[in-house]
Amino acid sequence: MMAAAWRHKRVAASQPGFLPLKSNLGGDSSNVKRRKRVNKNKKKSWNKFSDIQDVEEFLEDVRLQERTTGGLIAEKTDDSLFFVDTGDKDEKDKDAQPETTVKKGKHSKPLRIDLILQPDSHIPAPKNVLAFQQPNAKKQRRTSDRAAKLASMGILPRREKLLQLRRAAAASGVSAKKRAVANNNPDRTFYDLWTAETPETADPYYLEQTKKKLVKRPDRLNEKPSVLPAIEVIAPGGSYNPDFFSHQDLLRKAHEVEVKKIKAEEKLARQLAVNEDVATEETTFKEQVEGLIEEEEIEPEEPEGDTEGTVTGPTATQEKKTEKQRKKEKAKRIKELQRKAERQVIDKRQQLFQLRSISADLKKQEQRTKMRQAQRKAQQEAQKSMPRRLGKLKFQDPDLDVQLSNELAGSLRSLKPEGSILKDRFLSLQKRNIIEPRDRAKFKRKYKLKFSEKRAFREIQ
Amino acid sequence: MGGLQKKKYESGSATNYISRNKARKKLSLSLADFRRLCILKGIYPHEPKHKKKVNKGSTAPRTFYLLKDIRFLLHEPIVGKFREYKIFVRKLRTAYGKAEWGAVGRLKREQAFVQIGPHHQGEFTCFESSGFSSRSFILWGCHVMNERLKPENLSDKRYPTFIDALRDVDDALSMCFLFSTFARTGKCHVQTIQLCRRLSVEWMNYIIASRSLRKVFLSIKGMYYQAEVLGQTVTWIVPYQFAHDHPTDVDYRVMATFTELYTTLLGFVNFRLYQTLNLVYPPKLDGQGELSLKSECEEDYALESESYSEKLSALSASLARTVPSVEEEEAELDHFPAEGEDLEKMEAREKIELEQNKQKKLFEGLKFFLNREVPRESLAFVIRCLGGQVSWDKSLCIGSTYDETDETITHHIVDRPSIEKQYINRYYIQPQWVYDCVNAKMLLPVEEYFLGVTLPPHLSPFVEESEGDYVPPEKLKLMALQRGEKPLFTEAAAEEEEEEEEGDEDEEEEEDEDDEDEDDQSEEEDEAEDEENLAEMEAKRAQGKRLPVKVTPGKVKPENRMRTEQEEKAEEKRLAIMMMKKREKYLYDKIMFGKKRNVREANKLAAKRKAHDDASKADKKKKKKKC
């Protein structure tokens, strides 16, 4: 180590005016070992065996100086290193110090934890470079440069231009662009919609072709799909303080509806019920002995008639008619026709005498048709107020809104409203054929649910 | 002869109809958009006569539209807007997915400036934060589509004339009143609720200004009102306050679309109606009223921005007019010389007119004060419609005009069993009195509506009884009152009640006796005749025996002209019935049977009622005795 110490001195000496802090650089002589001889023809051995301790010690010393004093001692001014020691001043300080410490007491004394956390080196922490970096700084710098350049040339950005335009428009009192107002804006304005407009002077064909005029709405569309009134007032029994009998009347109606429903349900249940025969002792016994008892075999009596003589198919051959037969038949036919014609003539003549009954018949028929017409018309009229079948579902009358006698409120204050008006309105629209009756869409899962047990939680079985 | 064989379903009803799905595809719209379009344009589904033919042999239930209607829709520019919006949403979604914020901004800006307008920007931020499920897309989409309902379409297309619009205003009113009571919880847009509220308040103010309310009915469902506006009868239903549960089986989107249409309609109708009365639109409070309304504690109720609309909705002040109001001169019906039926009709019309005028001024000069437990808005509306003055406690609502301590108050409306501090010079009545007065078109006696008294039933004014129907005795009494007869008894004289009732019964009995007397008289007459006849017969017999020729002075037989006339008529009728053909006879019998049955049933009901009344009376007596 002697050599190392010597070399350190050499390194330190090479630095002009360097003052080592530790003066015992050369003190340790116990570590001195014999020099090892190695080949130095390989870089590996250079690294391994070259002695750089002196340099490291020097650097260590430099770092120590920086840490403890904040710089190299050699570079410090004399004032910061030395002071003139006048003894009495020190004593005074010593006298003064305990008083102040007593006065300040615990308040001024820093906590130990704070002291530990205090950095003990005098070197300021290095700056975090990343903290000072701006994202996109280059790009932004460029854009701002370009904006400045454009501004110097007198070209404004688009936003600014629009703003200026708007300002100018506002100053002149004309809004730049009329913006549509939402239909449900509570402050929207209305005007007279039904004033007679000035008739269009332009060519109607031109307007139609350029789609400046809408197609005329057919009158058919203004017909209401049902004759029912928009608001169907509840029966007098639905009053909050009803007359006894009208209330009973309404209750009866509701009751009838309910009874009908129950009946339908019962019917369905009856139809679906399994018609099972309960096994009795007799039947079980029969079942058990089935096939065990030999019964007298009663053979079905065979039909008496012999099957030999019967003809299986139609006889194919028919004998040919003779001339005589044919003539006879023809004569017969002619005679028959003649008879019929005569009969007709007679009948016609007879009808003259039946005139009255015929006319009565006619009248009857006419009346019947008239009656049927009236009936059909009445039916059509009734149909007009009926809800139609407009989709998958049929319209079904909602339950009557009814309050039972014990539910009726004595006063308006304690009244408990029944049913929902929203639903009532919705159903009214359906009843008047304006919208088709619908059910709420049912939630349908697209994929099956898959269960997996998590490690953290195990299902208790 | 011959030619190509006709194919099935290529002509006739199969080609006149189109199924909903096909129509939707033809218009290239989503189902929700298609529904909206149909509602806004007033196109309804149809039920074809021969479904199997239309459905190309299938019997599956489907929704059909007329093909012509769908063709008409094809011309609508609004369809294009729907498509545009759909594409915009798609683009926006893509940009979001790719996190291209520049593109998102550009798209929004374009859409906003081209079609939406600045106030929608906020909603888009909502949409961003909601993580944009497709549902929210649709929701906002629907909302933005709002603007595409151009009112012009409404006028010359759906409602060619103002009266057409008025005829359809029932639905609009009910919907607006309903939506205005919704809580602002996100079931529908807050803006929609506000608009509905504004429009319904405007409507009520118009009804007040024109004094056209005719009927009110408090039902268990809600309050039914009927007004006569420009000769059209308008009925609407108003829900009670805080009566909502939101039913799940109602399609809110469909209802919101209807509301959108109806708010637009009602707005324009309101404008026109205000014009007819020379009122300022949007409504302004009358100058004097405004000053008096400015109380110091206004800020307690509403923000500065809202206080005006709140005051309007308080309904306690009258509205400003464009032309300074002149006292409305009585519009008298023109008199034309008329004969016969016309004259009768004229008279009837005049009578009705007179009645209405009376009803309009029913509460004039009366001053009401509402206690805090009564339905304020409804009562204020009804009272003001009949010309009364109304106020309430200052702490209850904005717009109260006088205090409870006011000496000039005539009626104090209370809905509680008793009240501590009572003033002498006013009636304390229950709210039903006001409604019953409207329906009866007269000021009813107050006694039956006093505090703590069991109220008479609230009858429906919408029922019109035909002949022979059962009429509740309360209504009979009311009708008697309307005819100007004195009420037989009133419950006010509670002590004398029973005595009076007994008196009534006596009267009734007397009447019955009268009837019986008449019968007796007629019987007596009959007997007298019989006796005469008998005498004659005897005389004849005597003549046959003795043959005495004797001339007695002629007796003038007193001829009861009325009676003979009646007899003749009865005879004629009998003969006519005899002469009837079989079928007619059958029909006649049926009609008569029906009439008799009706009468019988009415009698039965009346008897029941009497029994019920008696029973309740007996109960009362017992209770009284116990007390």
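Since every read-out is calculated from the coordinates, none of them should be taken as a lab result. Source: prediction; values computed, not measured. No Cβ is skipped: glycine too gets one built from the backbone with ideal geometry, and neighbour counts run over all protein chains shown.
So, counting K/R as plus one and D/E as minus one, what does the shell of residues with Cβ under 12 Å around B:ALA227 add up to?
Working: positive: B:ARG211, B:ARG214, B:LYS215, B:LYS360; negative: B:ASP170, B:GLU228.
Net of charged neighbours comes to +2.
For a quick protection proxy, order the peptides B:58-68, B:220-230, A:273-283, A:353-363 by their average other-Cβ count within 10 Å, most packed first.
On the way: B:58-68: 15.6, B:220-230: 20.7, A:273-283: 7.1, A:353-363: 10.0.
Output ranking for B:58-68, B:220-230, A:273-283, A:353-363: B:220-230, B:58-68, A:353-363, A:273-283.
By how many nm would the segment from B:LYS361 to B:VAL190 lengthen if fully extended, with 0.36 nm per residue of separation less the alpha-carbon distance?
Details: separation 171, 0.36 × 171 = 61.56 nm, distance 3.83 nm.
So the chain would gain 57.7 nm between B:LYS361 and B:VAL190.
Would you order B:LEU27, A:LEU19, A:LEU412 from fewest to most other beta-carbon atoms within 10 Å of each residue's own beta-carbon? Intermediate results must be reported in sequence, preceding the final value.
Working: B:LEU27 18, A:LEU19 15, A:LEU412 22.
Ordered by Cβ neighbours within 10 Å, fewest first: A:LEU19, B:LEU27, A:LEU412.
List, in the order given, every pair from A:LYS416/B:LYS394; A:LYS423/A:LYS446; A:LYS253/B:LYS620; A:LYS216/B:LYS41; A:LYS216/B:LYS68 whose Cα-Cα distance in the structure shown is over 20 Å. Kindly include the intermediate steps, with their values, before the conclusion.
Working: A:LYS416/B:LYS394 27 Å; A:LYS423/A:LYS446 31 Å; A:LYS253/B:LYS620 31 Å; A:LYS216/B:LYS41 13 Å; A:LYS216/B:LYS68 13 Å.
Beyond 20 Å between Cα atoms: A:LYS416/B:LYS394; A:LYS423/A:LYS446; A:LYS253/B:LYS620.
Give me a single rounded figure for B:166-174: the average over its residues of other chain Cβ atoms within 10 Å of their Cβ. Intermediate values should be presented prior to the final figure.
Working: counts 0, 2, 3, 1, 3, 8, 1, 2, 6.
Mean inter-chain Cβ contacts per residue within 10 Å come to 3.
Give me a single rounded figure for B:57-67: the average over its residues of other chain Cβ atoms within 10 Å of their Cβ. The partial results should precede the final answer.
On the way: counts 0, 0, 0, 1, 7, 4, 7, 3, 1, 3, 0.
Counting Cβ atoms of other protein chains within 10 Å of each residue's Cβ and averaging gives 2.
Run the simple label-point estimate for B:LYS604 and A:GLU290 please: 7 Å along Cα→C-beta, distance reported in nm.
Once both label points are built, they end up 5.8 nm from each other.
Expressed as a whole percent, how much of the Cα-Cα distance distribution for region A:332-395 exceeds 15 Å? Provide the component values of the computation, followed by the final result.
Values: 1488 of 2016 pairs.
When every Cα pair of region A:332-395 is considered, 74 percent fall beyond 15 Å.
What are the residues whose amide H is under 5 Å from the amide H of B:LEU285, where those residues sit 5 or more places off or on another chain and H is modelled from the backbone?
Amide H neighbours of B:LEU285: B:ALA320.
Show me, for region B:46-53, the HN-Hα J-couplings you get by feeding each phi into the Karplus relation (A = 6.51, B = -1.76, C = 1.60, θ = phi - 60°), rounded to Hz, glycine and proline as x.
Karplus values, whole Hz, x for Gly and Pro: 10, 9, x, 6, 10, 5, 5, 5.
Provide a whole-number value for the mean count of partner chain Cβ atoms within 10 Å of the Cβ atoms in peptide A:224-236. Walk me through the numbers on the way to the answer.
On the way: counts 4, 5, 1, 0, 0, 4, 13, 12, 3, 12, 9, 4, 12.
Per-residue shielding by partner chains comes out at 6.
Peptides A:235-242, A:382-389, B:552-559: what's the order by average Cβ count within 10 Å, highest mean first? Please report the intermediate quantities before stating the final value.
Details: A:235-242: 23.8, A:382-389: 14.4, B:552-559: 6.1.
Going from most to least packed, we get A:235-242, A:382-389, B:552-559.
Counting Lys and Arg as +1 and Asp and Glu as -1, what is the net charge of the other residues whose Cβ lies under 15 Å from the Cβ of A:ASN136?
Values: positive: A:LYS138, A:LYS139, A:ARG141, A:ARG142, A:ARG146; negative: A:ASP145.
Taking every Cβ under 15 Å from that of A:ASN136, the sum is +4.
Restricting the calculation to Cα positions, tell me the Rg (one decimal) and the Dmax (whole number) of region A:126-268 in Å.
So, for region A:126-268, Rg and Dmax equal 35.6, 97 Å respectively.
Computed FRET efficiency, Cβ-Cβ of B:LYS52 and A:ALA169, R0 51 Å: what is it to the nearest 0.05?
Details: r = 64 Å, r/R0 = 1.25.
The value I calculate is 0.20.
Treat the count of other C-beta atoms within 10 Å as a stand-in for reagent exposure and order A:ASP145, B:ASP393, B:ASP171 from fewest to most. Numbers along the way, then the final one.
Numbers: A:ASP145 10, B:ASP393 14, B:ASP171 22.
The fewest-first ordering by Cβ neighbours comes to A:ASP145, B:ASP393, B:ASP171.
Where does each of A:423-431, B:246-254, B:588-596 land if you order them by average Cβ count within 10 Å, highest first?
Values: A:423-431: 20.4, B:246-254: 14.1, B:588-596: 11.1.
The densest-packed peptide leads the list: A:423-431, B:246-254, B:588-596.
Would you pull out the residues with amide H under 5 Å of B:PHE64's amide H, same chain only if 5 or more places away, H placed 1.01 Å from N?
Result for B:PHE64 returns B:HIS46.
Can you list the lysines whose alpha carbon is less than 26 Å from that of A:LYS364, not counting same-chain residues fewer than 8 positions off?
Once the sequence-local lysines are set aside, what remains near A:LYS364 is A:LYS348, A:LYS377, B:LYS581, B:LYS582, B:LYS585, B:LYS590.
Given Cβ point charges of +1 (Lys, Arg) and -1 (Asp, Glu) and nothing else, what value in debye, to the nearest 20, does the dipole of region B:162-230 about its Cα centre take?
On the way: 9 positive and 6 negative charges, 68 e Å.
Charge dipole, region B:162-230, about its Cα centre: 320 debye, nearest 20.
List the relative contact order of region A:361-461 as a percent without decimals, with contacts defined as Cα pairs under 8 Å and 6+ residues apart. Mind dumping the intermediate values first?
Working: 38 pairs, mean separation 29.9, N = 101.
Normalised by residue count, the contact order of region A:361-461 is 30 percent.
Taking R0 as 45 Å, what FRET efficiency do you get between B:ASP406 and B:GLU464 from their Cβ-Cβ distance, rounded to the nearest 0.05?
E(calc), rounded to 0.05, equals 0.65.
Beyond a 27 Å Cα-Cα separation, which of these cross-linked pairs lie in this structure: B:LYS351/B:LYS608; A:LYS139/A:LYS161; A:LYS139/B:LYS108; A:LYS392/B:LYS8; B:LYS86/B:LYS187; B:LYS53/B:LYS86? Before the final figure, lay out each step's value.
Working: B:LYS351/B:LYS608 36 Å; A:LYS139/A:LYS161 24 Å; A:LYS139/B:LYS108 25 Å; A:LYS392/B:LYS8 25 Å; B:LYS86/B:LYS187 23 Å; B:LYS53/B:LYS86 35 Å.
Listed pairs above 27 Å: B:LYS351/B:LYS608; B:LYS53/B:LYS86.
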